[in-house]
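Asks: Sending over a structure as structure tokens; questions will come in a sec.
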Amino acid sequence: MNILKRPALHNVDADAALAEARKLIGRRIEQPARRAFLQRTLTLGGLSLLTGCSITDNAGVDAALTTISRFNDRVQGLIFDPTQLAPTYPDSMITRPFPFNAYYGEDEIREVDEASYKLEVTGMVADKRQWTLPELRAMQQQDQITRHICVEGWSAIGKWGGVHFADFLKRIGADTSAKYVGFKCADDYYTSIDMPTALHPQTLLTLTYDGQPLPPKYGFPMKLRMPTKLGYKNPKHIKAIFVTNTYPGGYWEDQGYNWFGGS
């Protein structure tokens, strides 16, 4: 069983933190000159200047890491290509069984009642009514077989089916010039994504897994599936969606994980 855990930020090795920051930035910046400049200028002294805090105390290091993470968010957002597709795979490559992953154990999976379920839609949208599962299933569906990549280091290939999220946003009259789309879930999880990722052609509001109704362990009744994002950005058991210009954060993001969380 793989369960996400909050990264430890106490007694941080400052040199290791800087090395990881350089690696992250280097991987995200394609132009060699820009990459070299950023990696050279990211130093302990630079961190102190950026944050105004001493790196000798945990609070200062935490603030420095937060600054690096927010900078990385901006860089990833700038270089994200909303037209570039993640790889897809044949049925023969599906991982069986597909692993369960959450911030709790498999014996604590949330059960959502299908008959009473309604998806709440709020924020910067024209149609704020609630949606039932039959209404969502009546929309045009599509399947994709893509790789789920977990921040813990493992990956698995799964077959997901559902509504193209951009089509759903269009149907509800979402303001696609807004910055964020946020999600609240029945398991008390929450997260948010950038609008370009929400509109990406492979971002699905999934209702099925491997041709069958989405099982509870994979997020029944609904999971947002984004092959361009790390696993923790893909919320399960979604009960509410909202469009906003106010930064919504996320369950893990508010504890130190990178917010953009993708490529």
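The values are calculated or read from the model by the stated rules, or taken from the named source; none is laboratory data. Predicted, not measured: the structure shown is a model, and the values here were computed from it. Methodologically, a virtual Cβ is constructed for each residue, glycine included, from the backbone with ideal geometry; neighbour enumeration extends over all protein chains shown. Note: accessible area is taken over every heavy atom of the protein model, side chains too, but ligands, DNA and RNA are not part of it. Shrake-Rupley method; radii C 1.70, N 1.55, O 1.52, S 1.80 Å.
Asks: Only residues that are open to solvent by less than 70 Å² (accessible area, probe 1.4 Å) and not in a loop (DSSP other than H, G, I, E, B): list them for the range 149-159, please.
Replies: Once the filter is applied, which keeps residues that are open to solvent by less than 70 Å² (accessible area, probe 1.4 Å) and not in a loop (DSSP other than H, G, I, E, B), the range 149-159 yields SER155, ALA156, ILE157, GLY158, LYS159.
Asks: Here's another thing I want to ask about it. Restrict the check to the range 200-213 and report whether at least one residue is open to solvent by 10 Å² or more (accessible area, probe 1.4 Å) and under 15 Å from TRP259 (Cα atoms).
Replies: No.
Asks: Which ones in the range 115-144 are part of a helix (DSSP H, G or I) and touching a residue at least 40 places away in the same chain (Cβ under 8 Å)? Let's see the steps before the verdict.
Replies: Our first condition is that a residue be part of a helix (DSSP H, G or I); within the range 115-144, this holds for 133-137.
Those that are part of a helix (DSSP H, G or I) and touching a residue at least 40 places away in the same chain (Cβ under 8 Å): LEU133, LEU136, ARG137.
Asks: Also, I was wondering about something else. Inside the range 85-114, can you point out the residues that are in a loop (DSSP other than H, G, I, E, B), of a type in the set (D, E, K, R) and under 22 Å from the mean Cα position of the chain (by Cα)?
Replies: Residue satisfying the conditions is ARG110 alone.
Asks: Continuing with this model, one more query. Against the conditions (1) out of contact with any helix residue (DSSP H, G or I) (no Cβ under 9 Å at 6 or more places or on another chain); (2) of a type in the set (Ser, Thr, Tyr); (3) open to solvent by 10 Å² or more (accessible area, probe 1.4 Å), where does SER177 fall short? Just the number, please.
Replies: Result: SER177 fails condition (1) only.
Asks: A further question follows. At pLDDT 95 or above, out of contact with any Asp or Glu (no Cβ under 7 Å at 6 or more places or on another chain) and open to solvent by 70 Å² or more (accessible area, probe 1.4 Å): does that describe GLN130?
Replies: Working: at pLDDT 95 or above: yes; out of contact with any Asp or Glu (no Cβ under 7 Å at 6 or more places or on another chain): no; open to solvent by 70 Å² or more (accessible area, probe 1.4 Å): yes.
No: the conditions fail for GLN130.
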